[in-house]
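Accompanying notes for the structure given below.
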Amino acid sequence: MEDRKVHTIAVISVISLIIVIIICRVSLKLSKAFFLICGASIAIILAVFSCLLIRQRYNNRRKVLESQLKSEGRELRIEYSFLRKIAGVPTKFRYKELEEATDDFQAVIGKGSSGSVFKGILNDGTSVAVKRINGEERGEREFRSEVSAIASVQHVNLVRLFGYCNSPTPPRYLVYEFIPNGSLDCWIFPMKQTTTRTRRCGCLPWNLRYNVAIDVAKALSYLHHDCRSRILHLDVKPENILLDENYKALVTDFGLSKLVGKDESQVMTTIRGTRGYLAPEWLLERGISEKSDIYSYGMVLLEMIGGRRNVSKVEDPRDKSKKKWEFFPKIVNEKLREGKLMEIVDKRVVESGNFDENEVKRLVFIGLWCIQEKPRLRPSMVEIVDMLEGRVSVEEPPGTRMILVDMLADDEDPTDHNNLARLLTPMSSNVDCTSTYSLGSTMSIFSGR
Ligand SMILES: Nc1ncnc2c1ncn2[C@@H]1O[C@H](COP(=O)(O)OP(=O)(O)OP(=O)(O)O)[C@@H](O)[C@H]1O
């Protein structure tokens, strides 16, 4: 385009020069003035030519530089995103990017107590799960430091956190890798007839349940023992264990996790987490440690074996109009003592016939060791991995009082806060605990599911 312009101007200039020379030749003959006009015209045309040539060169050069910069910029961006992926540095996403990735937050894949989770696809085609956190709980700086600490832990059985989107006011967003088979609860608990199926689910066969137990134990063992600072997850439950396309388990949701110095044996923190998985020492405000995660893990093991929730409300056989709490670990304990352990295995697994009685027994033993009321009796995650993989034998666990049963024995409505306070107070005296409960701090035990 530019070339053609220069060409046209040159042609026009030469033609005008010829016309001027002809006119001058006719009117001025070969006088001095004729030669002067000819000279001036040639000089003007040469000047115009030179200007055009210089401009054209300058434009061409600029274009080359621009395209070079563009491709270098693109390469740098690709390089940067590649480096970020290997280094595990969390990306700060713009809200607009997340809005586009999730198609304006259309596809909800799950809901938790702190917000909803949406499926999305990033510009480079990566599938992500975007968690929208509504609460005011954490300040911006705390949120950032937590995100960077979590993003730096890497293990094959931990869900990767790609990044976050932060603003001074909620909601804030966490961007995780998308795990296609959803959470474990959908694969071990039978779905209610009334529940609309928006997520993939089914009955997980025994061998995969056993593998899940190993995967989760390895993830927690890494967090407890192999990170720079010890990380307590503090919300281990089936909803926070995701299954990939090969049913490999990945632990997620570090929203409640706590970083603990290697030399700290116990930490005090406000009660968070989910009913049914909280260790007694947490409920009793005696300080928590990695053994609190082990308690929750044991609870998950028992739920995987039984295919049912540990804490559930069932019809009272004495009065069918009433409902009463049932604590599955207590039933497991009784069946073990009666020598009828296979009766507690998920009926669907039993019907399939594909399960190993020795593995069931081992898993039950480990589960019951994990939920011992005294934290020091619970095994460490390293020991659990060894037991699961058969390197260490597991002894029969001692009976445990299961003080949680005391809490659940009453026919209480867990959403009734007055009843809740009453429910907790006698338990404190039961277990000879001097600490008192503040209703505010115990509320979250009963939030969640
Ligand atoms: N990375 C992910 N890939 C696929 N599905 C996910 C992912 N993260 C979460 N989900 C789905 O979203 C659901 C809700 O997750 P979320 O972490 O918000 O809540 P929760 O763990 O169930 O509850 P809470 O936050 O109260 O502990 C999960 O149970 C799971 O089914």
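Some observations on this one:
- Residue in segment 202-209 that is within 13 Å of the ligand (Cβ to nearest atom), modelled with pLDDT of 90 or more and surrounded by fewer than 17 Cβ atoms within 10 Å (Cβ to Cβ) present: no
- Residue ID - nearest to the ligand (Cβ to nearest atom), chosen from residues in segment 109-126 that are over 19 Å from R160 (Cβ atoms) and either open to solvent by less than 90 Å² (accessible area, probe 1.4 Å) or in a loop (DSSP other than H, G, I, E, B) (or both): S113
- Taking each residue of segment 136-165 that is at pLDDT 80 or above and looking for partners that are within 14 Å of the ligand (Cβ to nearest atom) and part of a loop (DSSP other than H, G, I, E, B) with beta-carbon atoms closer than 7 Å, six or more apart or interchain, yields V159/I179; V159/T252.
- Meets criteria (at pLDDT 75 or above, in a helix (DSSP H, G or I) and open to solvent by 50 Å² or more (accessible area, probe 1.4 Å)) for I23: yes
- Within segment 220-243, if we keep just the residues that are open to solvent by 20 Å² or more (accessible area, probe 1.4 Å) and within 12 Å of the ligand (Cβ to nearest atom), the residue that is nearest to V159 (Cα to Cα) turns out to be L242.
- Qualifying residue in segment 318-336 (condition: farther than 27 Å from L204 by Cα, open to solvent by 30 Å² or more (accessible area, probe 1.4 Å) and of a type in the set (S, T, Y)): yes
- Residue match in segment 389-396 (condition: at negative phi, charged (D, E, K, R) and in a helix (DSSP H, G or I)): no
- If the condition is being within 16 Å of the ligand (Cβ to nearest atom) and either surrounded by fewer than 17 Cβ atoms within 10 Å (Cβ to Cβ) or at pLDDT below 70 (or both), then segment 249-274 contributes F254, G255, L256, S257, K258, T269, T270, I271, R272, G273.
- Residue pairs meeting the criteria (Cβ under 7 Å; at least 6 apart or on separate chains; first over 21 Å from L302 (Cβ atoms), in segment 317-328; second part of a strand (DSSP E or B) and open to solvent by less than 100 Å² (accessible area, probe 1.4 Å)): K322/D316; K323/K313; K323/V314; K323/D316
- Any hit, segment 339-356, residues being open to solvent by less than 40 Å² (accessible area, probe 1.4 Å) and among the acidic types (D, E): yes
- As a summary of the residue check, Y95 satisfies the conditions (1) open to solvent by 50 Å² or more (accessible area, probe 1.4 Å); (2) within 14 Å of the ligand (Cβ to nearest atom); (3) not β-branched (V, I, T) except for the one numbered (2).
- Criterion: of a type in the set (S, T, N, Q), open to solvent by 80 Å² or more (accessible area, probe 1.4 Å) and at pLDDT 75 or above - qualifying residue of Q56, Q106: Q106
- The residue that is farthest from S16 (Cα to Cα), counting only those in segment 27-41 that are part of a helix (DSSP H, G or I) and of a type outside the set (A, V, I, L, M, F, W, C), is K32.
- Residue in segment 294-313 that is of a type in the set (D, E) and open to solvent by 50 Å² or more (accessible area, probe 1.4 Å) present: no
The values are calculated or read from the model by the stated rules, or taken from the named source; none is laboratory data. Since this is a predicted model, take the numbers as computed values, not measurements. Every residue, glycine among them, receives a Cβ derived from its backbone with ideal geometry; neighbour counts consider all protein chains shown. Just the protein is used for accessible areas: all its heavy atoms, side chains included, with ligands, DNA and RNA removed. Shrake-Rupley method; radii C 1.70, N 1.55, O 1.52, S 1.80 Å.
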